[in-house]
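What follows is one structure encoded as structure tokens, with my remarks underneath.
Quick note: the coordinates plus some simple rules give every number you see, no bench work behind them. Not measured: the values here are computed from a predicted model. No Cβ is skipped: glycine too gets one built from the backbone with ideal geometry, and neighbour counts run over all protein chains shown.
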Amino acid sequence: MPKIIAIDYGLKRCGIAITDDLKMIASPLETVDTPKLMGYLDQLVVKEKVDTIVVGVARKLNGEDGHVTQNQLELAEKLAKKFPLLKVDIEDERFTSSMAAQAMLMGGMKNSDRQKKENLDKISAAIILQEYMRRL
């Protein structure tokens, strides 16, 4: 069955999350260096039979764009052109980093693992994906 992936886009690296076959559970998958993202997605889309890509978009509390928002919106446009048969959507990613940090703490993750930004990025992507699915 087709899956949904989510991207927590950052200027240095991107967290990636993916659904299960039934599109009920979002799981952290990988953290990819941003310059390598498109090549990684080329392989992932085929391997996992992805039908939807969700890009997290940073907004401030007042709804204004954050410092990376334009880059995230540009990524969504590039993905829509690169993968015309896939649905490309955006999801508000406010608070996902703090929610991911809290989840790591409450989940009992060791301090040394919590300090790795890569873990925070892919867990943030899973939260973005779970919120997207909940909203559907």
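Data for the structure
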item: Over 26 Å between alpha carbons, listed pairs Lys12/Lys82; Lys3/Lys122; Lys49/Lys117; result: Lys49/Lys117
item: Solution diffusion estimate, µm²/s, Stokes-Einstein, the range 1-59, Kirkwood Rh from C-alpha pairs, 37 °C, viscosity 0.692 mPa s; result: 283
item: Of Ile5, Pro35, Ala17, farthest towards positive along the dipole that unit charges on Lys, Arg, Asp, Glu beta carbons give the range 1-43; result: Pro35
